[in-house]
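**Student:** Below you will find the structure I want to go over with you.
The values are calculated or read from the model by the stated rules, or taken from the named source; none is laboratory data. Treat the numbers as computed from the prediction; the structure is a model and nothing was measured. Cβ atoms come from the backbone with ideal geometry, glycine included; neighbour counts cover every protein chain shown.
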Amino acid sequence: MPQLPAPLFSEAEDSPQRIVPNTINANSRLKSFYIKNVIPLVCRPGEEESSASLGASVVRDVTALQAMSRRIHYGKLVAEAKFQANTELYSQLIRAQDADGLMDLLTDSAVEEKLLLRVREKARAYGRDIQTGGSEAAVNDSALKVDPDTVVLAYRELMIPLTKEVQVAYLLRRLDSLVIAVTAGWARVAAVEYTTGNPLNSSPRAINAKAHAAELKVHDSVKSVFDDVASGAVSFGV
């Protein structure tokens with residue numbers, strides 16, 4: 001849109017890909033845990049909200065879920081960094097599809113306990129009203145807006161284990177080739193061009209030249225392509 005000013009920041013076209021392409025997504029489990037376990041602990045028993053405030057509450061819920069989702073899925077970047085730091089050992093476990101071994105390698109109990117301590121202290125600091133009068137009164141957890149134990153529970157039972165599960169799922173497919181689900185015809189041609197950067201014509205000879213760096217999984221219907229992407233069976237769909 002030419003009438004708009006140019007963006008202040010733009011992503012470089014040659015920006016490196018930090019992690020391998022994947023479709024790992026833990027949002028459904030995050031949402032389920034949040035609704036079943038977090039909301040009942042955060043909302044006071046017997047507390048009723050007016051219909052006018054329900055919308056604002058939902059907006060805050062969505063904001064919280066988005067922040068938690070980013071935190072969990074950033075685990076892929078951590079997993080990639082650990083893979084790069086110890087490629088040989090991680091590769092052995094990946095080739096053996098040893099999920100338990102990867103989980104043990106990723107787990108640092110001492111670091112997790114320190115994290116939970118920081119979470120508790122931050123919850124106690126940010127979950128109370130600012131004291132006035134020159135001196136700060138002792139913090140009474142019963143007067144906090146959210147019990148720090150609830151925040152710690154969310155991290156111990158959800159954030160930490162789900163982050164590690166995402167990391168394991170990412171690593172188990174770290175050595176896989178790029179797999180793209182496509183329909184026959186132009187979608188297949190586009191996938192070949194995307195993976196090679198070189199235009200190809202639509203002739204069968206060009207398409208079957210194996211010039212691409214990805215494995216193409218050809219389907220007869222668009223629905224099958226969507227199903228593959230949704231199930232995580234492929235990296236992308238065209």
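**Student:** Scan the range 76-88 for residues that are more than 15 Å from the chain's Cα centre (by Cα) and either at pLDDT below 90 or surrounded by 10 or more Cβ atoms within 10 Å (Cβ to Cβ) (or both) and jot them down.
**Tutor:** Within the range 76-88, 81, 82, 83, 86, 87 qualify.
Residue-wise test of (1) of a type in the set (Val, Ile, Thr); (2) farther than 24 Å from residue 29 by Cβ; (3) modelled with pLDDT of 95 or more.
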{"residue": "70", "(1), (2), (3)": "no, no, yes"}
{"residue": "74", "(1), (2), (3)": "no, no, yes"}
{"residue": "90", "(1), (2), (3)": "no, yes, yes"}
{"residue": "102", "(1), (2), (3)": "no, no, yes"}
{"residue": "128", "(1), (2), (3)": "no, yes, no"}
{"residue": "143", "(1), (2), (3)": "no, yes, no"}
{"residue": "146", "(1), (2), (3)": "yes, no, no"}
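**Student:** Return the residue satisfying two criteria in turn: it lies in the range 10-26 and is modelled with pLDDT of 65 or more and of a type in the set (Gly, Ala, Ser), and of such residues it is farthest from residue 70 (Cα to Cα).
**Tutor:** Only one residue tops the list, namely 10.
**Student:** Given the structure, is residue 116 part of a helix (DSSP H, G or I) and under 17 Å from residue 161 (Cβ atoms)?
**Tutor:** It is true that residue 116 is part of a helix (DSSP H, G or I) and under 17 Å from residue 161 (Cβ atoms).
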